[in-house]
1. For the pair residue 126 and residue 214, what calculated FRET efficiency results from E = 1/(1 + (r/R0)^6), where r is the Cβ-Cβ distance and R0 = 35 Å, to the nearest 0.05?
2. Tell me, in nm to one decimal, what length is gained between residue 101 and residue 22 on full extension, where the rule is 0.36 nm per residue of separation less the Cα-Cα distance?
3. Kindly rank 91-103, 163-175, 118-130, 67-79 from highest to lowest mean number of other beta carbons found within 10 Å of each residue.
4. Counting only other residues whose beta carbon sits under 14 Å from that of residue 20, what net charge do I get with K and R as +1, D and E as -1?
5. Residue-wise, which Karplus ³J(HN,Hα) couplings in Hz belong to segment 178-186, taking 6.51 cos²θ - 1.76 cosθ + 1.60, θ = phi - 60°, and x for glycine or proline?
6. Could you sort the peptides 106-113, 1-8 by per-residue average Cβ neighbour count (10 Å cutoff), highest mean leading?
7. Can you pull out the GluC sites (Glu not before Pro) in segment 175-212 whose DSSP state is coil and whose Cβ has at most 13 other Cβ atoms within 10 Å?
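Readers should treat all values here as calculations from the given coordinates under stated rules, not as data from a laboratory. Treat the numbers as computed from the prediction; the structure is a model and nothing was measured. Quick reminder, even Gly has a Cβ in these numbers, built from the backbone with ideal geometry, and neighbours come from all protein chains shown.
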Amino acid sequence: MIEQLRADGSLRHLLTLETLDRRQIERLLERAQSFVRPLGERPPRSRLLEGATVANLFTEPSTRTRVSFELAAMRLGATVVQLEVQLSSRAKGESMLDTIYTLQSLHVDALVIRDAEPGVPALAAAHVAPHVSVLSGGEAHVSHPTQGLLDALTVYQHKQRFAGLAIAIVGDIRHSRVARSAWHAFSKLGVSDLRLAAPATLMPEREEFAGCSRHTELASALAGADVIMMLRIQRERISEAHLPVGEQYFGAWGLTRERLALSRPDAIVMHPQPMNRGIEGSQVRCTKLPGAAYAAHLGAARRSTNCSASYASCESTRACSRKMVPRLEPIRVCPVLSPARPVLPPAPPCAPRRRCAPGRG
Ligand code: CP
């Protein structure tokens with residue numbers, strides 16, 4: 001397992017939440033929360049990453065994660081490079097490592113990687129120069145750390161706690177990096193009632209997801225749940241033989257009005273998106289239900305926090321080791337994780353940074 005922290009304990013890489021402890025995750029959430037602004041307001045900006053260059057290498061499709069990382073890096077003042085992998089020399093057979101060495105030689109300071117192969121972000125992290133950080137934007141079925149942070153922050157925004165919550169994760173858990181990162185985040189943050197609900201073919205192996213209860217029908221998983229996480233069927237990772245049939249799947253595992261009524265009246269429903277409408281659920285069915293908040297990416301809360309998880313991780317893994325925090329507005333959206341502590345210490349005066357010639361930032 002790659003060491004994600006520097007010798008001074010600060011975060012250098014962000015590949016997984018698995019090896020972070022509770023306080024480290026809380027700090028990232030507090031940092032992410034400090035970047036949240038209501039939709040319609042200008043997003044926060046800072047010069048924290050001024051002079052740094054961030055490259056996005058996404059070899060799998062993405063809308064939310066890629067745009068979030070791009071916007072986060074730009075709003076922190078970095079130069080952002082989007083490598084269109086299909087148009088890059090990777091298409092001519094260049095290896096991922098050669099691509100990474102090339103970017104590094106061009107003064108890229110941080111690499112955001114999404115890849116369908118397990119181990120690619122760790123491979124990159126093991127080979128980059130000491131000043132370069134690697135952030136996972138989604139690794140195969142293994143890990144999606146900023147999604148895990150986003151999901152934890154969304155739950156906290158709605159529930160103001162983790163202890164005592166019952167969280168049901170429903171659907172294609174076996175192939176889901178979202179579920180694995182959510183499990184890491186929620187179990188470390190003190191959620192003790194984590195429920196997995198899936199048909200046998202989509203349930204993970206027994207050795208995985210320690211501490212979670214397993215449900216082979218939806219009703220017991222939803223009973224009294226505070227949070228329901230619906231997952232997308234990962235078609236791209238399932239053989240044709242095991243692919244569930246849409247109507248049949250919705251019949252057994254789709255979130256209907258009647259099933260949602262089994263959860264608590266103030267339950268929230270989350271979906272990482274993209275959604276297979278009519279298979280995992282349909283927004284109309286959920287939003288019409290009185291008392292239940294539908295908090296998918298489509299909802300304002302998640303949309304405004306999505307970028308914040310990326311902000312937090314970009315900021316925390318920036319190449320510069322000097323401790324700096326952006327000057328930000330006080331939190332206005334929801335209570336902080338630890339009300340007794342300030343979310344961010346006062347911003348220290350910025351020391352002079354390496355200057356870039358105008359137009360070459
Ligand atoms: N939730 C998520 O990772 O969405 P994208 O695949 O669009 O990035």
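1. For R0 = 35 Å, the calculated efficiency reads 0.55.
2. That pair, residue 101 and residue 22, stretches by 25.1 nm at full extension.
3. Most protected by this proxy first, the peptides run 163-175, 67-79, 118-130, 91-103.
4. Overall, the nearby charge balance is +3.
5. Along segment 178-186, the couplings run 4, 5, 5, 5, 5, 4, 4, 5, 5 Hz.
6. Result, highest mean Cβ count within 10 Å first: 106-113, 1-8.
7. Those satisfying the criteria are 205, 207.
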